[in-house]
Amino acid sequence: MNQPVIVLVRPQLGENIGMVARAMWNFGLCDLRLVEPRDGWPNPAAGPAASGADIVLDKAELYDSLEAAVADCNRVYATAMTLRRMIKETTTPAGAIEQMNLLASQGGRAAIVFGPERTGLTTEEVAMGDVLISIPTNPEFGSLNLAQAVIVIAYEWHKQQDKTPPVRLEGDYEGPATREALDGLISHLNELLKPRGYFHPDHRTESMKRTLRNIFERPGFTGQEVRTLRGVIRCLSGERNRQS
């Protein structure tokens, strides 16, 4: 899939360019284009700030105008906090990436344009964008530095490509317990509870057993967790040496 191009217009500090490169590579973006950087390019201050994202800096391309930087792109997204006397389609980062993904599926490519650190894009540069990206922030404090703005959009791009499940178990995870292991645990409990009069009155026995089963089936125990519970039960019942 065609990745979006990140375009920095008149960036002021090499350190900021490096931090942008780091933010991009964190989320798999590597096409960086620079328009008239104030301190020239290459900039020795960019490398240390990139913290290892050298692939982005090494591939970075230098342009003398925004028009040239986006000439080969099919859609241009401008970033700005406010519109200046114009009406333009405006989207959140999530909405913009959805549009870019559709464009990429059709063989097209998008450019995302960021202005200088202190002033942002000029009115004329914002007007060059087909769509405006507005990042929702605290209405009482919406100031983002350049790398922060880039990383928000880069993260959204990566999130929409990534297949990592939203919730998962980390660590030495052996997978869910087998049905045999769960059945053994539940049977073990039932065997110990019955002679102690837990299932009372008799007509509620089956209902109580179903409730116990639901309790232990719902959490998705691992095999190790089931074995640990069996050990706890053996200990409490005085069956320390009994094997599960």
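Details
- Within the range 206-232, residues that are more than 19 Å from GLU174 (Cβ to Cβ) and at pLDDT 85 or above have Cβ atoms under 6 Å from residues that are in a helix (DSSP H, G or I) and open to solvent by less than 70 Å² (accessible area, probe 1.4 Å) in these pairs: ARG213/ILE186, counting only partners at least 6 apart in sequence or on another chain.
- LYS159 meets the conditions (1) modelled with pLDDT of 90 or more; (2) touching a helix residue (DSSP H, G or I) at 6+ places or on another chain (Cβ under 9 Å); (3) open to solvent by less than 80 Å² (accessible area, probe 1.4 Å); (4) part of a helix (DSSP H, G or I) in every case but one. The failed one is (3).
- Selection over the range 179-204 of residues that are polar (S, T, N, Q) and at pLDDT below 90 gives a count of 1.
- Conditions (1) over 35 Å from the mean Cα position of the chain (by Cα); (2) assigned to a helix (DSSP H, G or I): number failed by THR228: (1)
- Neighbours by Cβ (under 9 Å, 6+ apart or cross-chain): first from the range 117-129, under 14 Å from LYS88 (Cβ atoms); second of a type in the set (Asp, Glu): MET128/GLU67
- Within the range 126-156, if we keep just the residues that are among the acidic types (Asp, Glu) and surrounded by 12 or more Cβ atoms within 10 Å (Cβ to Cβ), the residue that is nearest to the chain's Cα centre (by Cα) turns out to be GLU156.
- Counting only residues that are of a type in the set (A, V, I, L, M), within 17 Å of VAL113 (Cβ to Cβ) and either assigned to a helix (DSSP H, G or I) or free of Cβ contacts under 8 Å to residues at least 24 places away in the same chain (or both), the range 85-102 holds 3 of them.
- Test: ASP172 is over 30 Å from GLN3 (Cα atoms), loosely packed, with under 13 Cβ neighbours inside 10 Å and either within 34 Å of the chain's Cα centre (by Cα) or touching a residue at least 24 places away in the same chain (Cβ under 8 Å) (or both): yes
- Selection status of LEU182, in contact with a Leu (Cβ under 9 Å, 6 or more places away or on another chain), surrounded by 13 or more Cβ atoms within 10 Å (Cβ to Cβ) and not acidic (Asp, Glu): no
- Among the residues of the range 103-134, just one is assigned to a helix (DSSP H, G or I), touching a strand residue (DSSP E or B) at 6+ places or on another chain (Cβ under 8 Å) and acidic (Asp, Glu), namely GLU125.
- Unique match (being assigned to a loop (DSSP other than H, G, I, E, B) and open to solvent by 40 Å² or more (accessible area, probe 1.4 Å)) among GLY40, GLY28, GLY52: GLY52
- Complete set of residues in the range 55-107 that are of a type in the set (Val, Ile, Thr), surrounded by 21 or more Cβ atoms within 10 Å (Cβ to Cβ) and either more than 26 Å from the chain's Cα centre (by Cα) or over 23 Å from PRO11 (Cα atoms) (or both): VAL70, ILE97
The values are calculated or read from the model by the stated rules, or taken from the named source; none is laboratory data. A quick note: this is a predicted structure, and the numbers were derived from the prediction, not measured. Reconstructed Cβ throughout: ideal geometry from the backbone, glycine too, with neighbour counts over all protein chains shown. When the accessible area is computed, the model is the full protein with side chains, heavy atoms only, and any ligands, DNA or RNA have been set aside. Shrake-Rupley method; radii C 1.70, N 1.55, O 1.52, S 1.80 Å.
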